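Single-structure report; data block below.
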Amino acid sequence: MAHTIVLEAEAILDQAFPVLDKGFVRLVDYLGGDARIVQSARVSYGAGTRSVREDAALIDYLMRHRHTSPFEQVVLTFHVKLPIFVARQWVRHRTARLNEISGRYSVMKDEFYIPTVESLRTQSEVNKQGRSEAPLSREEAEAVVEGLRAGQKEAYAQYEAFLKKNLAREVARIGLPLSLYTEWYWQMDLNNLFHFLELRLHPHAQWEIREYARVILEITRKVAPCATAAFERHRLHSVTFSPEAAEWIKTRLQGQPDIPREVRERLGIV
Ligand SMILES: Cc1cc2nc3c(=O)[nH]c(=O)nc-3n(C[C@H](O)[C@H](O)[C@H](O)COP(=O)(O)OP(=O)(O)OC[C@H]3O[C@@H](n4cnc5c(N)ncnc54)[C@H](O)[C@@H]3O)c2cc1C
């Protein structure tokens with residue numbers, strides 16, 4: 001089979017999908033799609049599948065049984081504009097290849113992330129890393145936004161003053177806050193991308209990175225719709241149980257009529 005062209009992906013190449021107040025995600029390029037996954041899987045399973053339905057079933061099988069290597073044959077490259085605090089979390093995913101704008105080489109733009117007044121929440125009592133559902137009062141939230149804006153303005157004015165004194169850019173930038181926007185090209189294979197999405201779409205991940213993950217999920221769906229559906233089915237929206245919890249469920253289901261085959265197999269119900 002020749003070079004894979006996915007028309008839905010071609011249609012969105014280079015299109016900037018906005019995220020947060022000034023960020024975006026752009027699909028720069030892709031290598032392979034559902035067809036490449038099937039094609040590479042056939043190398044290990046032999047020339048078996050033929051119809052689109054059979055191909056989708058094969059992809060579903062591979063995902064369900066964690067036969068991950070065929071998914072690594074698909075690669076996506078993104079251009080992302082994101083605040084530095086989001087980039088700090090994002091960059092922990094080590095299996096990517098990336099190239100970021102250099103603040104040593106370029107003058108950083110006066111572009112900072114400002115959350116909306118409506119999005120501001122209090123610290124969560126149950127999740128030490130997260131925010132609660134409780135909003136700040138309108139007055140408090142407006143003061144926070146104003147405080148952020150003033151801090152960013154002051155920091156950028158100082159940065160510009162340092163540059164005017166011909167201070168090296170690599171030092172002039174160090175007082176700029178984490179809300180400053182940065183940009184990078186980021187490339188990942190589909191298996192690791194699904195891992196990234198599973199972690200960064202999770203409600204425990206910070207809302208801002210979840211917003212990027214949400215957009216990347218939809219772009220990925222254009223490139224590899226069957227694989228993305230299988231990922232959602234078997235990983236993103238599936239649940240796992242500890243042996244104790246599984247045993248509890250099993251004892252309650254034992255003897256019940258109409259237990260779905262998948263449940264019976266997974267829990268070992270005879
Ligand atoms: C909600 C949330 C909260 C977090 N909080 C914190 C925090 O407070 N502090 C903090 O430091 N981090 C934190 N992290 C980051 C987290 O610990 C991981 O570093 C990050 O999610 C990347 O996961 P990963 O290593 O599985 O993924 P990747 O780096 O993308 O790797 C993918 C997979 O490749 C394999 N792999 C990659 N590199 C290696 C290697 N060198 N050796 C062996 N196997 C490898 C592993 O199987 C890994 O799962 C948090 C992450 C999330 C989602």
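When the range 89-119 is filtered for residues that are among the acidic types (Asp, Glu), touching a helix residue (DSSP H, G or I) at 6+ places or on another chain (Cβ under 8 Å) and part of a loop (DSSP other than H, G, I, E, B), only 110 remains. In the range 50-57, the condition of being in contact (Cβ under 8 Å) with a residue 24 or more places away in the chain, closer than 21 Å to residue 6 by Cβ and more than 16 Å from the chain's Cα centre (by Cα) is met by at least one residue.
Within the range 89-126, restricting attention to residues that are without any contact (Cβ under 8 Å) to a residue 60 or more places away in the chain and β-branched (Val, Ile, Thr), the residue that is least open to solvent (accessible area, probe 1.4 Å) is 117. When 142, 154 are checked against the criterion of being of a type outside the set (Phe, Trp, Tyr) and without any contact (Cβ under 8 Å) to a residue 24 or more places away in the chain, a single residue qualifies: 154. Only one of the listed residues (264, 210, 221) is of a type outside the set (Gly, Ala, Ser) and within 15 Å of the ligand (Cβ to nearest atom). That residue is 210.
Checking each residue in the range 206-239 for being assigned to a loop (DSSP other than H, G, I, E, B) and open to solvent by 10 Å² or more (accessible area, probe 1.4 Å) picks out 206, 237, 238, 239. Scan the range 70-119 residue by residue and report those that are within 16 Å of the ligand (Cβ to nearest atom), closer than 30 Å to residue 5 by Cβ and among the basic types (Lys, Arg). If the condition is that a residue be within 16 Å of the ligand (Cβ to nearest atom), closer than 30 Å to residue 5 by Cβ and among the basic types (Lys, Arg), then 97 is the only one that fits.
Against the conditions (1) basic (Lys, Arg); (2) under 13 Å from the mean Cα position of the chain (by Cα); (3) open to solvent by 60 Å² or more (accessible area, probe 1.4 Å), residue 200 satisfies every one except (3).
Restricting attention to the range 117-152, the residues that are under 30 Å from residue 104 (Cβ atoms) and more than 30 Å from the chain's Cα centre (by Cα) total 1. The criterion of being within 24 Å of residue 224 (Cα to Cα), in a strand (DSSP E or B) and open to solvent by less than 20 Å² (accessible area, probe 1.4 Å) does not hold for residue 38.
The values are calculated or read from the model by the stated rules, or taken from the named source; none is laboratory data. Worth saying up front: this structure is predicted, and the values here are computed from it rather than measured. FYI the Cβ positions are ideal-geometry reconstructions off the backbone, even for glycines, and counts take in every protein chain you see. Each accessible area value is taken on the protein alone, full model and side chains, heavy atoms only, with ligands, DNA and RNA left out. Shrake-Rupley method; radii C 1.70, N 1.55, O 1.52, S 1.80 Å.
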